[in-house]
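Q: Can you keep this structure in mind? I'll have questions shortly.
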Amino acid sequence: MKKTRHVLGLSGGKDSSALAIYMRDTYPEMEVSYFFTDTGEELKEVYEYLDKLEAYLGKPIARLNQIDEEREGSKTEFEKFMHRYNNFLPSATARWCTIEMKLKPFEKWIKTFLDAGEEVISYVAIRSDEKRLGYKSSNEDVKVKFPFMEDNIDREKVSQILDDSGLGLPGYYRWRSRSGCTFCFFQQKIEWVRLSREHPEAFERAKKLEKTALDHDSPFTWVQGTTLDELVAPKRAKQIEEDFQKRLEREKKLKAKRLARNPFLNEDTKKLDIEEVYGDDVSSSCLICHK
């Protein structure tokens, strides 16, 4: 009989964090190895939340992708890979960041277990109210399980798990819909505008990387069809904020109509959650980062 290694990836986002809490509390006898693939470009709120989660779980979260300054001078991991990819930015159609900085480090990490003759079971935080697939390996000794789907855990129950744990939502959800890199290209325009205000240094770094890409004839900018400088010009930024507020009001009215027939819902249920606030399925983006 092969030894089984249970692994669970964390992004600093709400769903993967809730799954880690759920597995710890529901299956206390199970020895789970937690990991986080660190690009070195994450929001500081992500690192802060991971520290809190680590304390709750009572065991370390393996940090993959630690930056090796000795290998290529002062270049960060992201800059190193960007250089390899002709100084082009990643995009929805050329997601080298996911491949190089998320998938490969994970596969390298579990290779140690596989080489030792172990079977690996990876637990993925896809909820019961989502219709999509997560990472699957071609290796027959790597299996994937979806506890939230199996146990009928939806968006509302995820929020309850986080609230009951005392951790609540990560701080960045106050102004942004997803975890991952500070300059994730899946961000909406409103999130870029808010990044420029919440973390101006990170925003300036994103602008610098974009300029490098454009200087090398990259077909991609962070936001399709516009540069970050254009996006945060006062008049444009004001319009983006106003459009977002209009969309938010529409979502509030639509939800109020849907809930009007159910007087027994509590106040928290009546509030817009993060996925409704941003008007799209935020989990449709980079699963291994966002979740």
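Read the figures in this text as sums done on the coordinates, not as results from a lab. Just so you know, these numbers come straight off a predicted model, no measurement behind them. Quick reminder, even Gly has a Cβ in these numbers, built from the backbone with ideal geometry, and neighbours come from all protein chains shown.
Q: Based on other C-beta atoms within 10 Å, arrange HIS199, HIS83 from fewest to most.
A: On the way: HIS199 19, HIS83 14.
So the residues, fewest neighbours to most, are HIS83, HIS199.
Q: Provide the net charge surrounding LYS111, with neighbours chosen by a C-beta distance below 14 Å and charges set as Lys +1, Arg +1, Asp -1, Glu -1. All intermediate terms of the calculation are to be shown ahead of the outcome.
A: Working: positive: ARG5, LYS104, LYS108; negative: GLU107, ASP115, GLU118, GLU119, ASP141.
Its environment carries a net charge of -2.
Q: Volume per residue, Å³, of the convex hull around the alpha-carbon atoms of region 116-182? Write out the running numbers ahead of the final one.
A: Details: hull volume 10.5 nm³, N = 67.
Output value, Cα hull per residue: 157 Å³.
Q: Between THR37, THR226, THR98, which gets the highest mean-square fluctuation from a Gaussian network model of the chain, Cα cutoff 10 Å?
A: THR226
Q: For the chain, return all DSSP H helices satisfying: extent of Cα atoms along own axis at least 15 Å; mean Kyte-Doolittle hydropathy at least -0.5. Please report the intermediate quantities before stating the final value.
A: Working: long enough: 14-26 (17 Å, -0.40); 44-57 (20 Å, -0.59); 104-115 (16 Å, -0.67); 155-165 (16 Å, -1.05); 200-215 (22 Å, -1.04); 234-259 (38 Å, -1.89).
Membrane-span-like by this rule: 14-26.
Q: Which entries in LYS207/LYS238; LYS208/LYS252; LYS59/LYS189 show an alpha-carbon gap greater than 31 Å? Each step should come with its number before you reach the end.
A: Values: LYS207/LYS238 19 Å; LYS208/LYS252 37 Å; LYS59/LYS189 37 Å.
In this structure, LYS208/LYS252; LYS59/LYS189 lie more than 31 Å apart at Cα.
Q: Taking region 118-184, which GluC sites (Glu not before Pro) meet the DSSP loop condition and have no more than 11 other C-beta atoms within 10 Å?
A: Details: sites: GLU118, GLU119, GLU130, GLU140, GLU150, GLU156; in loops: GLU118, GLU130, GLU140.
Qualifying residues, ordered by number: GLU140.
Q: If you don't mind, there's one more thing I want to ask. With N residues in the chain, what two-decimal value do you get for its Cα radius of gyration over 2.2 N^0.38 Å?
A: Details: Rg = 20.0 Å, N = 291, 2.2 N^0.38 = 19.0 Å.
Relative to the rule-of-thumb radius for its length, the chain sits at 1.06.
Q: Rounded to the nearest 500 deg cm²/dmol, what is the calculated helix-only ellipticity per residue at 222 nm for the chain, with -39500 (n - 2.57) per DSSP H run of length n ≥ 4? Display every interim value, and only then the final one.
A: Details: 13 runs with 130 residues, N = 291.
Rounded to the nearest 500, it is -13000 deg cm²/dmol.
Q: Take the chain, connect every pair of alpha-carbon atoms lying under 10 Å apart with a spring to form a Gaussian network, then pick out the residue of THR93, THR26, THR212 with the largest mean-square fluctuation.
A: Its mean-square fluctuation being the largest, the pick is THR93.
Q: For a footprinting-style exposure proxy, rank MET149, MET30 by other Cβ within 10 Å, fewest first.
A: Numbers: MET149 17, MET30 12.
Sorted ascending by nearby Cβ count, the order is MET30, MET149.
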